[in-house]
């Protein structure tokens with residue numbers, strides 16, 4: 001494959017990976033308990049989230065592979081996981097590497113989910129909240145297509161989708177916490193009001 | 001090997017995926033939490049039960065072997 | 001506390017109460033602690049046998065045979081810790097406070113005996129925050145024992161939060177280990193409760209006091225009281241519409257009516273709350289029921305944590321039950337959906353019922369909720385509330401008819417005859 005073809009593939013798969021990662025984030029955020037985002041069954045949403053993430057990884061893998069195989073610029077195999085070791089555009093490739101590292105942690109933790117503590121899994125899964133914006137930064141930092149209008153529009157759409165999803169998720173969590181808090185507090189207030197006169201007899 | 005469903009009520013956070021995947025054995029109460037009858041799972045339901053256990057976001061479902069009490 | 005035992009043939013002489021609280025007096029009254037200098041397997045076996053022969057059952061609520069619990073602790077091989085459960089989260093109960101204040105050495109003796117039987121090297125006494133007086137009595141007793149070098153074991157006092165559920169075994173253990181007073185889900189009760197790498201043997205304070213006396217006087221002295229299938233004596237706290245509320249010691253098997261009489265009910269008794277705020281109401285037709293496990297179970301009740309609240313005639317049983325339901329909801333540890341939401345809804349339903357403002361669907365809804373809440377928490381707390389409400393619907397059935405049709409009895413607005421802690425914050 002000649003260098004130009006590799007280069008176009010790298011750029012294209014990069015954009016597609018970003019879109020798929022955005023979709024993954026959105027689907028993950030939309031899956032909450034008790035407050036369904038849509039009429040879809042919850043388990044189907046979760047399953048879609050998983051499959052889209054796998055698809056994203058596939059495109060990401062191609063993106064990384066073609067960028068390394070492309071001899072026009074020098075990106076070593078090491079810079080796949082060690083940030084800031086590429087000779088070409090050290091900083092922004094490095095940023096991409098960081099995003100991949102975080103993503104690998106998320107992936108591995110999910111593959112090993114039944115063998116690790118739920119708290120550990122959750123903590124590692126939340127690295128996705130860092131991985132995604134760093135991937136976005138890498139996309140625009142690399143600059144190759146970043147000045148194109150449609151790419152900028154795409155970027156804004158991605159931010160809107162994830163941002164909106166995050167806001168929605170935070171609201172749902174707050175509502176749920178409030179509900180539990182209300183239930184508990186209501187119970188306690190009632191108690192103070194109802195036990196008006198305490199038994200006058202004292203003992204032991 | 002007969003299996004039954006066991007749900008950890010502390011871990012459960014009422015996602016409801018289990019009831020979607022296994023409506024024959026799991027129904028949700030009015031507060032959204034799953035109810036199981038503690039009976040043996042019919043063999044044709046075991047696959048779906050395993051999936052429900054795997055897909056529970058809180059890992060609150062366990063498939064347990066029913067021990068015959070002598 | 002001034003009951004003359006000679007006029008009440010069913011009441012045992014006070015062997016647990018009316019006991020010197022200082023070490024010297026204690027030893028003078030009951031004799032030395034029967035633990036040999038070097039504890040061997042033979043002594044351990046004979047001690048276990050004595051507990052087994054006595055038929056002692058736990059006095060902390062579950063009435064579980066103490067010998068079986070002890071055998072499991074010994075078989076485990078890892079029991080390093082004896083936990084004295086002095087939490088007594090039940091608002092209407094005072095027996096453990098009384099015992100720990102007035103006869104702490106009996107309780108500590110029991111703990112030491114169990115430690116010797118299991119090879120444990122540490123005793124932890126749990127007394128909730130806010131009960132500093134009780135803790136002080138126990139601390140003094142520990143100091144006396146340390147000074148007299150009665151033991152090489154470490155005995156510590158810990159102060160968990162003062163909540164209803166804090167005395168539940170798994171919640172207590174979790175608190176000791178991690179500071180979170182939360183019950184854990186235990187589908188296998190046979191799996192021992194652990195603190196660190198070692199197992200804990202947890203017993204109610206009163207149970208330990210009985211152990212101390214059985215070890216000295218022998219199992220037959222214990223069996224001389226009570227019934228064959230439920231031997232010994234029990235401490236019961238009597239409160240409510242009575243002139244002399246207090247803690248009494250009775251033979252197991254004493255009829256409920258006779259126990260209530262000990263506190264001089266202030267008038268006709270409408271019903272009795274037996275076992276705890278998560279126990280059951282008992283109606284007049286069952287007042288002759290012996291206070292023992294099996295007879296109580298046949299009427300849908302249990303001895304529980306050892307309380308009887310006497311409900312006088314000018315009172316609304318449904319209103320009191322509504323308050324109990326609301327209390328139960330407030331004491332949820334907040335971990336399980338059916339408990340958090342279910343008990344709150346149950347309380348709301350009961351309050352509507354009590355005030356006569358319930359809708360036509362209330363009974364269907366209540367029964368459905370009772371059915372769906374039962375057995376669906378990690379601990380027995382929601383079950384207690386369900387059982388209580390069920391017993392109320394049964395015992396106060398005639399009132400129920402009026403309340404449902406919007407004509408509640410006038411008494412539902414009266415102040416409560418029950419005790420509730422003013423602050424229910426942890």
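What tally of residues in region C:143-179 results from selecting those that are touching a helix residue (DSSP H, G or I) at 6+ places or on another chain (Cβ under 6 Å) and farther than 24 Å from residue C:120 by Cα?
Looking only at that region, the number is 1.
Go through (1) at the interface with chain A (Cβ under 10 Å from one of its Cβ atoms); (2) farther than 30 Å from residue C:170 by Cβ for residue C:310 and report which single condition fails.
Condition not satisfied by residue C:310: (1).
Would you tally the residues in region A:122-131 being over 16 Å from residue B:12 (Cα atoms) and within 14 Å of another protein chain (Cβ to nearest Cβ)?
2
Could you check how many residues of region C:245-266 are over 21 Å from residue C:206 (Cβ atoms) and within 14 Å of another protein chain (Cβ to nearest Cβ)?
3
Run down C:77, C:119, C:18, C:55 and say which single residue is surrounded by fewer than 23 Cβ atoms within 10 Å (Cβ to Cβ) and at pLDDT 95 or above.
Matching residue, one of C:77, C:119, C:18, C:55: C:55.
Given (1) free of Cβ contacts under 8 Å to residues at least 24 places away in the same chain; (2) over 18 Å from residue C:182 (Cβ atoms); (3) part of a loop (DSSP other than H, G, I, E, B), identify the lone condition not met by residue C:364.
With respect to (1) free of Cβ contacts under 8 Å to residues at least 24 places away in the same chain; (2) over 18 Å from residue C:182 (Cβ atoms); (3) part of a loop (DSSP other than H, G, I, E, B), residue C:364 is out only on (3).
Among (1) within 13 Å of chain B (Cβ to nearest Cβ); (2) under 15 Å from the mean Cα position of the chain (by Cα), where does residue A:116 come up short?
Of (1) within 13 Å of chain B (Cβ to nearest Cβ); (2) under 15 Å from the mean Cα position of the chain (by Cα), only one is false for residue A:116: (2).
Residues of region B:52-67 being more than 12 Å from chain C (Cβ to nearest Cβ), surrounded by fewer than 17 Cβ atoms within 10 Å (Cβ to Cβ) and either touching a strand residue (DSSP E or B) at 6+ places or on another chain (Cβ under 7 Å) or part of a loop (DSSP other than H, G, I, E, B) (or both), which ones?
B:63, B:65, B:66
Applying the selection to region A:142-167, what residues are surrounded by 15 or more Cβ atoms within 10 Å (Cβ to Cβ) and at pLDDT 90 or above?
Listed by number, the residues that qualify are A:151, A:154, A:155, A:158, A:161, A:162, A:165.
For region C:373-408, give me each residue that is buried (at least 19 other Cβ atoms within 10 Å of the Cβ) and within 12 Å of chain B (Cβ to nearest Cβ).
The answer is C:373, C:376, C:377, C:378, C:379, C:381, C:382.
Would you check if residue A:161 is touching a helix residue (DSSP H, G or I) at 6+ places or on another chain (Cβ under 7 Å) and either in contact (Cβ under 8 Å) with a residue 12 or more places away in the chain or in a helix (DSSP H, G or I) (or both)? Step through it out loud before you land on a result.
On the way: touching a helix residue (DSSP H, G or I) at 6+ places or on another chain (Cβ under 7 Å): yes; either in contact (Cβ under 8 Å) with a residue 12 or more places away in the chain or in a helix (DSSP H, G or I) (or both): yes.
In short, yes.
Restricting region B:1-51 to residues that are in contact (Cβ under 8 Å) with a residue 40 or more places away in the chain, more than 7 Å from every other protein chain (Cβ to nearest Cβ) and not in a loop (DSSP other than H, G, I, E, B), which is surrounded by the most Cβ atoms within 10 Å (Cβ to Cβ)?
B:18
Within region C:332-349, is there a residue that is more than 8 Å from every other protein chain (Cβ to nearest Cβ) and either in contact with a strand residue (DSSP E or B) (Cβ under 7 Å, 6 or more places away or on another chain) or assigned to a loop (DSSP other than H, G, I, E, B) (or both)?
There is at least one residue in region C:332-349 that is more than 8 Å from every other protein chain (Cβ to nearest Cβ) and either in contact with a strand residue (DSSP E or B) (Cβ under 7 Å, 6 or more places away or on another chain) or assigned to a loop (DSSP other than H, G, I, E, B) (or both).
The values are calculated or read from the model by the stated rules, or taken from the named source; none is laboratory data. Only a predicted model underlies this, so the values are computations on that prediction, with no experimental measurement involved. All Cβ positions, glycine included, derive from the backbone under ideal geometry; neighbour counts span all protein chains shown.
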